[in-house]
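To keep things clear, I will list the structure first and then write my remarks on it.
Please treat every number below as a calculation from the coordinates, not as lab data. In this text the structure is predicted, and so the values were computed from the model without any measurement. A quick note on method: Cβ atoms are made from the backbone with ideal geometry, for glycine too, and the neighbour counts reach across all protein chains shown.
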Amino acid sequence: MTDTWFSKVRAKLNQGDSFLTRDLGTLFSGDTLGDDALEVLEERLLMADAGVEATGALMGKLESEIHHGRIRNETQLREALRKALMDILQPVSVPLDIPTFIKPFIVFVVGVNGAGKTTTIGKLAHRYKSQGRKVMLAAGDTFRAAAVQQLTTWAERTGTPISAQGEGADSASVIFDAVQAARSRQLDVVIADTAGRLHTQGHLMDELRKIKRMLQKHDPYAPHEVLLVVDGTTGGNALVQAVQFHEAVGLTGLVITKLDGTAKGGIVLAIAKRLALPIRYVGIGEGIDDLRPFDAAQYVDALLNTPEAVT
């Protein structure tokens, strides 16, 4: 059944300039693939920010299928392409599982300014509360003046308690205090904001490591989820950010926002192929419910402009 999520993604990716939703039949000359068909498809992938690694993997599988005579028409090409895309995306389509025996479950949210980090935290709080969990926010971004107020606004909007101190406070202390408060109140989840930073800002990356070390003194497994929020419209920069943050703090999941703002969509492939990290959620709008668990089959079918698959 096609839902709003699938409809929004497919509508954006079918604006005429997306890389796979164009008529794949144009790659054929009569009943056979044109001589330059694979070159055209490869160019579409690269221009769509799919990255060299993912593009190479996809083209290798299609070339093998063609060599063995299994692609002779548009339907077979579409089926082969769908399978190749699923081979990359299905392994990273892993929902975030919050076990009930860990209290509080600490979600550590990182990313650069402008990626939608604070908004994502608010939407996560709404999602977890709607699942019956007791949530607390930790205003660990004490670097930017408006950050605490923005997170407080989301706390009020979602009816979620927040632990915050003033601008310039020690971020590690703020987050640790939040965890202690949540533990004493038997809350289920703490979602910790951190200062937005460029992946090239070494001193701020060191601060993230410091926060992790402080939490691990009291729980060696904390934080239980390290989520990187990246802006899906930034193309290759999103991949660079993901690589650098993963090297710095050891990511356990990704949130890709603003997918409703790009007709390319390939960055999801690039990140999946390069890092193989779970894509926990994708953002496809401004609404409070527009943060959804990533579904590989839905996304691939949106890319290919085909009916949603039954999986």
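Annotations for the structure displayed:
- Between GLU42, GLU225, GLU247, the Gaussian network model of the chain with springs among Cα atoms under 10 angstrom shows the greatest mean-square fluctuation at GLU247.
- Paramagnetic reach from VAL52 in segment 58-92 [backbone N under 19 Å; point 7 Å along Cα→Cβ]: 58-61
- The calculated FRET efficiency for SER130 paired with SER184, based on their beta-carbon distance and R0 = 25 Å, is about 0.55.
- Nitroxide proxy distance, nm - points 7 Å out along Cα→Cβ at VAL94 and GLN165: 3.4 nm
- Set of segment 263-288 residues, backbone N closer than 12 Å to the point 7 Å along the Cα-Cβ line of ASP87: none
- Options VAL109, VAL189, GLN90, ranked by Cα towards positive dipole end of the chain, top entry (Cβ charges): VAL189
- Taking all C-alpha pairs of the chain, those more than 24 Å from each other amount to 54 percent.
- Formal net charge of residues neighbouring PRO95 (Cβ-Cβ distance under 13 Å; K, R +1; D, E -1): 0
- Ranked list, fewest to most other Cβ atoms within 10 Å of each Cβ, for VAL174, VAL190: VAL174, VAL190
- Selection from LEU239, THR26, GLY287, by position along the positive dipole direction of the chain (Cβ): GLY287
- Backbone HN-Hα couplings from phi across segment 241-252 [Karplus 6.51/-1.76/1.60, Hz, Gly and Pro as x]: 4, 4, 4, 5, 5, 5, 5, 7, 10, x, 5, 10
- Each residue, ARG209 and ILE102, gets one label point 7 Å from its Cα in the Cβ direction; the gap between the two is 2.3 nm.
- Among LYS258, LYS61, the order by Cβ neighbours within 10 angstrom, fewest to most, reads LYS61, LYS258.
- Fewest-first ranking of LYS217, LYS117, using other Cβ atoms within 10 Å as the exposure measure: LYS217, LYS117
- Set of aspartates and glutamates with alpha-carbon distance to LYS273 below 14 Å, sequence-local pairs under 8 removed: ASP49, GLU53, ASP87
- In a reduced charge model with +1 at each Lys and Arg Cβ and -1 at each Asp and Glu Cβ, the chain shows a dipole moment near 1160 debye about its Cα centre.
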